[in-house]
Amino acid sequence: MNKGKVAVLLSGRGSNFTAMVRDSRKAGANYSVRMVISDRENAPGLRKADALAIPSHCLPREKFKDKGAQEREICGLLQAAGIELVCLAGYMRLVGPELLEKFPGRIMNIHPSLLPSCPGLHAQRQALRLGLKVSGCTVHFVDAGLDSGPVIAQQAVRVREDDDEDALSLRILRQEHRLYPHAIRLYFAGRLQIWGRRVIIAGK
Ligand code: GRF
């Protein structure tokens, strides 16, 4: 089987990246993770890439004259490796026009809330402060906004009376590790169609 080529962009821990690699190595998986790019030198995700034998690159923003220059370098690496889908996984930057134009409809992100509720930083803390009874995670296509692109898949997680931020984050994270690989598999099965704001999952 010809497997879809995925690159992961991250800034930190890399647990979603690790979950993707594990899923991609299961029998029958239709994609493989070919590359990791971090914008932080000390990102633990880079060490995880080494341990999993995935090629990695570190392109910190401060090494470039502006965001456009950084993204042009990122695009060069992605294109040279024939990357078909870019997955943001804890990448702490808004994606700019350089990347969006080169990979239209081909960049995904995961966010630890049921968007459009609780976008941006500390989504789990926001959910607790708002007193939500249900939170969860969302995989969505990326546009120029903050956590604002068309939603591909969501998984609800109940907020418990005794939850603190760590406990809720951990239960959501476990669902993230299932939902993101699921969305990637749908993408490479050719089942995702973007109709304006809506993502239609074909064959459902
Ligand atoms: C995850 O909670 C993800 O939803 C958010 O950033 C966190 C990244 O975690 N965008 P990890 O680096 O994948 O462990």
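Within segment 48-95, which residues are in a helix (DSSP H, G or I), of a type in the set (Gly, Ala, Ser) and in contact with a Gly (Cβ under 8 Å, 6 or more places away or on another chain)? Matches in segment 48-95: 49, 68. Within segment 36-48, the set of residues being within 13 Å of the ligand (Cβ to nearest atom) and either of a type in the set (Phe, Trp, Tyr) or within 19 Å of residue 82 (Cα to Cα) (or both) comprises 36, 38. Per this entry, residue 94 is not counted among residues that are under 12 Å from the mean Cα position of the chain (by Cα), in contact (Cβ under 8 Å) with a residue 40 or more places away in the chain and within 16 Å of the ligand (Cβ to nearest atom). For segment 125-144, a residue qualifies if it is touching a residue at least 24 places away in the same chain (Cβ under 8 Å) and of a type outside the set (Val, Ile, Thr), and the qualifying residues are 125, 127, 128, 132, 133, 135, 136, 137, 140, 141, 143, 144.
Cβ separations smaller than 9 Å between residues 6+ apart or across chains give the following pairs from segment 1-18 residues that are free of Cβ contacts under 8 Å to residues at least 24 places away in the same chain to residues that are in a loop (DSSP other than H, G, I, E, B) and more than 6 Å from the ligand (Cβ to nearest atom): 2/30.
Could you check residue 39 against (1) touching a helix residue (DSSP H, G or I) at 6+ places or on another chain (Cβ under 7 Å); (2) loosely packed, with under 14 Cβ neighbours inside 10 Å; (3) modelled with pLDDT of 95 or more and say which number it fails? Of everything listed in (1) touching a helix residue (DSSP H, G or I) at 6+ places or on another chain (Cβ under 7 Å); (2) loosely packed, with under 14 Cβ neighbours inside 10 Å; (3) modelled with pLDDT of 95 or more, residue 39 misses just condition (2). Test residue 78 against the criterion of being at pLDDT 95 or above, within 26 Å of residue 56 (Cβ to Cβ), within 13 Å of the ligand (Cβ to nearest atom) and among the hydrophobic types (A, V, I, L, M, F, W, C), and give yes or no. Considered against the rule, which asks whether it is at pLDDT 95 or above, within 26 Å of residue 56 (Cβ to Cβ), within 13 Å of the ligand (Cβ to nearest atom) and among the hydrophobic types (A, V, I, L, M, F, W, C), residue 78 comes out as no. A count restricted to segment 97-118 and to residues that are more than 16 Å from the ligand (Cβ to nearest atom), in contact (Cβ under 8 Å) with a residue 40 or more places away in the chain and either on the phi < 0 side of the Ramachandran plot or not in a loop (DSSP other than H, G, I, E, B) (or both) stands at 2. Scan segment 176-204 for residues that are surrounded by fewer than 17 Cβ atoms within 10 Å (Cβ to Cβ) and out of contact with any Phe, Trp or Tyr (no Cβ under 9 Å at 6 or more places or on another chain) and the total you get is 15. At least 1 residues being farther than 21 Å from residue 28 by Cβ and within 14 Å of the ligand (Cβ to nearest atom) is the threshold, and among the strands (runs of 3 or more DSSP E) wholly inside segment 146-202 those reaching it are 151-158. Selection within segment 2-35: residues that are of a type in the set (Val, Ile, Thr) and not in a strand (DSSP E or B). The member of this set that is farthest from the ligand (Cβ to nearest atom) is 21.
The values are calculated or read from the model by the stated rules, or taken from the named source; none is laboratory data. Predicted model only: the values in this text are computed from it and were never measured. When we count neighbours, we look across all protein chains shown, and the Cβ atoms used for this are built from the backbone with ideal geometry, even at glycine.
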